[in-house]
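Novice: Structure incoming, see below.
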Amino acid sequence: MKKPKIVNKKWLVIVIIIVFLVVFSLLEEQKNVSARSIVLAMSIDLIDDEYEVGIQLLRTDLKDKQEFITYSTTGAHLTEILEKLSHDSGGSVSLCHTMVLILGQDLLTKDQDRAMRFFIENEELCNNTMIVASKDSPMEALSVKLSNGQGGGYYLGGMLRNIVTDLGVIPITIKDYIKNRYRIGNCVYLPCVSVEKTGETTFLSVKESFITDGYNYSILSESATKGLSLTLNKLKSGELSYNLDNKMGQVDIVKSSADIKVEKDTANIKIKAKLNDRAYVPENIDEERSVEELQKNIKAYVEECFTACQEKGLDIFYLGQHAYAQGKDFYQQNDFLENMKLKIEVNITMK
């Protein structure tokens, strides 16, 4: 009778070593993850030639409760700042899951993109990290505790991802920011956030836009921001309100797009919008009059946006880039934008 074959001792030892290494690797990886400070949102501002940086973390060791913790520090070098924040938070700062980066106005207009280049060149942040400008202190927008219990930065990051094709502010990512900075005119547009209070309720308002070329800037009103959105964004939703004969009306945007053609002294902007009148149309007002009022409002939004930026020398509609694409070189003249006039055509289809 044959005895059962025993596994070669050499292979048995090898298998045991492999199992040990795999288990050790998994435990070490878990240890490394737990030793990191996972940043959900971040703020940066420039104050007296020093950076003020804030990070927001979510404490996960609490049962049935979320607690958002904010750390901040200042310094001349971002590498040293991140080291300080790692020390203060008790773990190595990890920015790969950062949802939103809140930037101060001085950083956007005086830093010459040094901070932005640092994070991009060192691949600290993901390309899809959202960027916003803060109307006041970016640290305040980051750290404010909202009435729903969420941290300001975390709430802001989640909200921006849901309004990509809506009428209003145009969310942009780090990738979009860099792309626009290298366009002719160097203009970038960012949602502009402010902390608002109504009685006991604290909330974040994101209805305006911040426009800059790295030096000059303009903050667009809510109506001018609509003009920006209608001209640059391909919209699939949103609401347009209008007033006719002292009666309020409202329509839903089904689809909207714009086309820009540039001549030497004139920019021709053609906007096509498909609207749904089922939202609310006042009684005794026919569709033709509603369309005329909506056309007038859209033209006013676009003109307000262009004028506010033109006064600051900001080519927010990228007219220089359009002229270059059309094979024309008059955009190189110093008074190119100053002498530019708009010719706006709005075609509306009611569904």
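Novice: What FRET efficiency do you get for residue 311 and residue 175 if R0 is 35 Å and r is their Cβ-Cβ distance, rounded to the nearest 0.05?
Specialist: E between residue 311 and residue 175, to the nearest 0.05, is 0.75.
Novice: Right, something else. For the chain, with every protein chain kept in place, what is the accessible area per residue (1.4 Å probe, Å²)?
Specialist: I get 56 Å² per residue for the chain.
Novice: To one decimal place, what Kirkwood hydrodynamic radius in Å is obtained for segment 116-253 from all pairs of distinct Cα atoms?
Specialist: Taking every pair of different Cα atoms in segment 116-253, averaging 1/r and inverting gives 16.4 Å.
Novice: Could you calculate the contour length gain from residue 113 to residue 88, that is, 0.36 nm times the residue separation minus the distance between their Cα atoms, to one decimal place in nm?
Specialist: So the chain would gain 6.3 nm between residue 113 and residue 88.
Novice: Give or take rounding to whole Å, what are the principal axis extents of the alpha carbon atoms in segment 83-123, in descending order?
Specialist: 33, 19, 18
Novice: Same structure, new question: Between residue 288 and residue 250, what's the calculated FRET efficiency when r is the beta-carbon distance and R0 is 22 Å? Round to 0.05. Can you show the working numbers first?
Specialist: Values: r = 17 Å, r/R0 = 0.78.
Computed FRET efficiency for residue 288 and residue 250: 0.80.
Novice: Considering only DSSP beta bridges whose two residues both sit in the chain, what percent are antiparallel, to the nearest 5?
Specialist: About 70 percent, rounded to the nearest 5.
Novice: Ignoring any ligand, DNA or RNA, what whole percent of the accessible area of the chain comes from carbon and sulfur when the probe is 1.4 angstrom?
Specialist: Working: 9490 of 19580 Å².
Heavy-atom surface of the chain belonging to carbon and sulfur, 1.4 Å probe: 48 percent.
Novice: Given the options 92, 43, 143, which has the most mean-square fluctuation in a GNM of the chain, springs set between C-alpha atoms less than 10 angstrom apart?
Specialist: Per the Cα network of the chain with a 10 Å cutoff, 92 tops the list.
Novice: Tell me the angle of helix 287-310 to the major Cα principal axis of the chain, expressed in degrees between 0 and 90 and rounded to the nearest ten.
Specialist: 70
Novice: Then there's this: Once both labels are modelled 7 Å past Cα along the beta-carbon direction, what's the residue 345-residue 127 spacing in nm?
Specialist: 3.6
Novice: Return the calculated 222 nm mean residue ellipticity for the chain, to the nearest 500 deg cm²/dmol, obtained by summing -39500 (n - 2.57) across DSSP H runs with n ≥ 4 and dividing by the residue count.
Specialist: The helix-only estimate for the chain comes to -10500 deg cm²/dmol at 222 nm.
Novice: How big is the C-alpha Rg of segment 203-291 next to the rule-of-thumb value 2.2 N^0.38 Å, as a ratio? Provide the component values of the computation, followed by the final result.
Specialist: Numbers: Rg = 16.0 Å, N = 89, 2.2 N^0.38 = 12.1 Å.
The value comes to 1.32.
Novice: At a temperature of 10 °C and a viscosity of 1.306 mPa s, determine how fast segment 238-341 diffuses translationally according to Stokes-Einstein, using the Kirkwood radius over alpha-carbon pairs as Rh; express D in µm²/s, rounded to the nearest whole number.
Specialist: 102
Novice: Find the Rg to Rh ratio for segment 57-180, where Rh is the Kirkwood radius over alpha-carbon pairs and Rg uses the same atoms.
Specialist: Details: Rg = 15.0 Å, Rh = 15.7 Å.
Checking Rg against Rh, the ratio lands at 0.95.
Novice: Further question: Report the residue, chosen from 165, 129, 266, that carries the largest GNM mean-square fluctuation when the chain is represented by alpha-carbon nodes joined by springs under 10 Å.
Specialist: Most flexible of the set in this elastic network: 266.
Novice: Then there is this: Which of 111, 277, 335 ends up with the largest GNM mean-square fluctuation for the chain, with Cα atoms connected below 10 Å?
Specialist: 335
Novice: For the chain, what does the equivalent ellipsoid look like in terms of its semi-axes, each the square root of 5 times an eigenvalue of the Cα gyration tensor, given largest first in whole Å?
Specialist: 48, 25, 23
The values are calculated or read from the model by the stated rules, or taken from the named source; none is laboratory data. Just so we're clear, the structure is a prediction, and the values are computed from it rather than from any experiment. Here Cβ is always computed from backbone atoms with ideal geometry, including for glycine, and neighbour counts include all displayed protein chains. Ligands, DNA and RNA are excluded from the accessible area calculation, which covers all protein heavy atoms including side chains. Shrake-Rupley method; radii C 1.70, N 1.55, O 1.52, S 1.80 Å.
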